[in-house]
Amino acid sequence: MHVVLVLVRLLVPHVKNVLAMIPLDAIHLQRQQQTLSVTNTLTILLHLPLKKADAMETCKRLKSTAIKCNKPKTGATKTTYTSTTGCGACSTKESETHCESCTTDSCNRDSAIKCVQGTDGTANATACATTTETKCSSPKFVEYTGVDSSVKYACGACAGETLGSTCQECTGTDSTTGCNKAVETAADFKCYSYTYNSTTKAFTKSSTAGTCKRLNGTIISCNKPKTNATSTTYTSKTGCGNCTKTDTHCSTCTTDSCNSALRLVALFVPLMALLVHLF
């Protein structure tokens, strides 16, 4: 211990002499540069453009709580917009001057979604008019019937009460393919339709076959009334597709225009009734 104290006493004067040789201005300049560097770095970080996350955040809420998302306004920095999730309303802090909120799912996008728009479902999707839109809509394809031509491909939700009947919705993306692109279909086919005559108590086949629509992978199917079918036991209006569960006097076939004729017995029964009446 005594030796250590002796060494310290011997070295102190030399350290003082070395420090005395360094100009005070140089020390102050170095400190000032360090402070300036830190300040500039902080300022640059605070003013970097805010970037949207690649993946969306899942927000939780109580049953009675309304949907709310938030996003930075133009010119926002990390001090004027502090949300880290985008969920909920803007902060009430005085410094939160560059924040805006919206009230629909995924409404705080920084760019508009792209949807197929118009009557051509095979066209590329184009940007919607507003960034708050989150859904695309399109005509709903009904098997063996096709789509309702009055329903257009569009940005936004289905109009009125058409959702699920003639229209369908999907969540929009940035892709030019578009979530609402036309579904892939197979070649059309034809089936005859049958109309019930309440006077003769029999069905009459249409003179020409009607066109039936189907999705890709769906088999051809036509239907026709069985013997003794009535308007309540056979209800098909087009002859396209399978029999319904409630149609107890209905039969199906699986080739183009295959329902072209009723069974012979179906024609024979009313003919016999006519002959009996005449004779």
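Brief remarks on what is shown
- Filter result for ASN259 (open to solvent by less than 60 Å² (accessible area, probe 1.4 Å), without any contact (Cβ under 8 Å) to a residue 12 or more places away in the chain and farther than 30 Å from CYS115 by Cα): no
Residue-by-condition table, conditions (1) modelled with pLDDT under 50; (2) more than 23 Å from THR130 (Cβ to Cβ); (3) touching a Pro at 6+ places or on another chain (Cβ under 9 Å):
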residue	(1), (2), (3)
MET21	no, yes, no
ASP25	no, yes, no
LEU46	yes, yes, no
CYS59	no, no, no
LYS63	no, yes, no
TYR81	no, no, yes
THR85	no, no, no
ALA89	no, no, no
SER111	no, no, no
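- Lone unmet requirement of (1) more than 40 Å from the chain's Cα centre (by Cα); (2) farther than 17 Å from THR255 by Cβ; (3) surrounded by 14 or more Cβ atoms within 10 Å (Cβ to Cβ) for ASN197: (3)
- Failed condition for GLU100, given (1) in a loop (DSSP other than H, G, I, E, B); (2) within 23 Å of ASP174 (Cβ to Cβ); (3) touching a Cys at 6+ places or on another chain (Cβ under 9 Å): (1)
- Residues of the range 143-183 that are part of a strand (DSSP E or B), open to solvent by 60 Å² or more (accessible area, probe 1.4 Å) and among the aliphatic types (A, V, I, L, M): LEU163 alone.
- Residue in the range 128-142 that is assigned to a loop (DSSP other than H, G, I, E, B), over 29 Å from LYS60 (Cα atoms) and open to solvent by 30 Å² or more (accessible area, probe 1.4 Å) present: yes
- Boolean, THR92 is out of contact with any strand residue (DSSP E or B) (no Cβ under 7 Å at 6 or more places or on another chain), open to solvent by 20 Å² or more (accessible area, probe 1.4 Å) and over 30 Å from GLY178 (Cα atoms): yes
- Odd one out for ASN124, checked against (1) part of a strand (DSSP E or B); (2) modelled with pLDDT of 95 or more: (1)
- Hey, THR232 part of a loop (DSSP other than H, G, I, E, B), open to solvent by 70 Å² or more (accessible area, probe 1.4 Å), at pLDDT 95 or above and among the polar types (S, T, N, Q) or not: yes
- Top-ranked residue in the range 200-229 [being touching a Pro at 6+ places or on another chain (Cβ under 9 Å) and at negative phi; ranked as surrounded by the fewest Cβ atoms within 10 Å (Cβ to Cβ)]: THR200
- Unmet criterion (only one of (1) surrounded by fewer than 17 Cβ atoms within 10 Å (Cβ to Cβ); (2) more than 13 Å from ALA154 (Cβ to Cβ); (3) hydroxyl-bearing (Ser, Thr, Tyr)) for THR119: (2)
The values are calculated or read from the model by the stated rules, or taken from the named source; none is laboratory data. What you are looking at is a predicted structure, and each value in this text was computed from that prediction instead of being measured. Backbone-built Cβ (ideal geometry, glycine too); neighbour counts: all protein chains shown. For accessibility, only protein heavy atoms count, side chains too; no ligands or nucleic acids. Shrake-Rupley method; radii C 1.70, N 1.55, O 1.52, S 1.80 Å.
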